[in-house]
């Protein structure tokens, strides 16, 4: 086979592959250099990973429509705290991270897990995503019907450095609890929690997550686990102390065994960046989501309740100038 024929066959294969993927086969215009960004998310079974993928999908749509030349990839990570630390250490400042609003507040102000690192005035936000719920899942035979029933039980505290663990430890401090409060305290990742619960290795776990969620569906259908309310005077005092934790409600019927609304609390997920992220990149990412919001909301059930107005809520750090530029164009009022 001649080298010319081989070249032609390879070119044809590349063209067909690009067509199948829905990507443009032509090269970018001369002088229009590509910009690569990465969105850090969370575990594969949570909402952060598909939400980040949904953001990238619409950013890539804008690139195919020749609105910009930004390429977007998504990465499964250790979630909020990991993402903040990566944003802070990213030398090129092209890393975007999905971060809980409580972790956002602590990182910006140098509190909690960021006390040693100190405040970071260079953190910025583009917009908020889904509301999340502090979700306590327990085995039916564990005798756990409220958060107050957890002492002496086998409890998963969560992956160190995750938003799950960060929020749980804050609430434990309000109760005066430590890991020794439990009969067993484990550090399982989100992908391991439902399996450990159904294998009777733990009695309960907390997942700060948007709903519906695959891990909780797995636990409720495999071993009749149920979602436990997290409410009461101490929780009310906790929410007053930390106003970025509003009340959240998990609707009745969302999971097997959950026959009535479950009252709890929770932060919002936010898309955070560094102040040195190029303004045009921040603008195009924000525009891609807001101008395609109806499509964005269909890409995961947890995103279905988003509105342009509530996507500006729940933030405790300044908006990036690129995001503000789009909001001004769109006539959206930012407090």
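The values are calculated or read from the model by the stated rules, or taken from the named source; none is laboratory data. Keep in mind the model is a prediction, meaning the values are calculated, not measured. Cβ placement follows ideal geometry from the backbone for every residue including glycine, while neighbour counts extend to all protein chains displayed.
Okay, residues lined up against (1) modelled with pLDDT under 95; (2) over 30 Å from residue 327 (Cβ atoms):
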site: 128; (1), (2): yes, no
site: 138; (1), (2): no, yes
site: 148; (1), (2): no, yes
site: 152; (1), (2): no, yes
site: 155; (1), (2): no, yes
site: 169; (1), (2): yes, yes
site: 197; (1), (2): no, yes
Check: Of these, 84, 59, which one is closer than 30 Å to residue 243 by Cβ and part of a helix (DSSP H, G or I)?
Finding: 84
Check: Assuming residue 237 fulfils every condition listed in (1) within 24 Å of residue 168 (Cβ to Cβ); (2) touching a strand residue (DSSP E or B) at 6+ places or on another chain (Cβ under 9 Å) apart from one, which condition is it?
Finding: (2)
Note to self: Residue under question is residue 260, and the condition is that it be part of a helix (DSSP H, G or I) and either over 30 Å from residue 316 (Cα atoms) or touching a helix residue (DSSP H, G or I) at 6+ places or on another chain (Cβ under 7 Å) (or both); does it hold?
What the structure shows: no
Note to self: For region 195-242, which positions are within 18 Å of residue 155 (Cβ to Cβ) and under 19 Å from the mean Cα position of the chain (by Cα)?
What the structure shows: 205, 206, 207, 208, 209, 215, 216
Notebook entry, point to check: Which of the helices (runs of 4 or more DSSP H) contained wholly in region 272-335 include at least 1 residues that are free of Cβ contacts under 8 Å to residues at least 40 places away in the same chain and under 28 Å from residue 85 (Cα atoms)?
Noted result: 321-330
Check: Just a yes or no: is a residue in region 145-153 touching a helix residue (DSSP H, G or I) at 6+ places or on another chain (Cβ under 9 Å), assigned to a loop (DSSP other than H, G, I, E, B) and surrounded by 20 or more Cβ atoms within 10 Å (Cβ to Cβ)?
Finding: yes
Item checked: Residue check, residue 133 under 29 Å from residue 254 (Cβ atoms), out of contact with any helix residue (DSSP H, G or I) (no Cβ under 7 Å at 6 or more places or on another chain) and at pLDDT 95 or above -> no
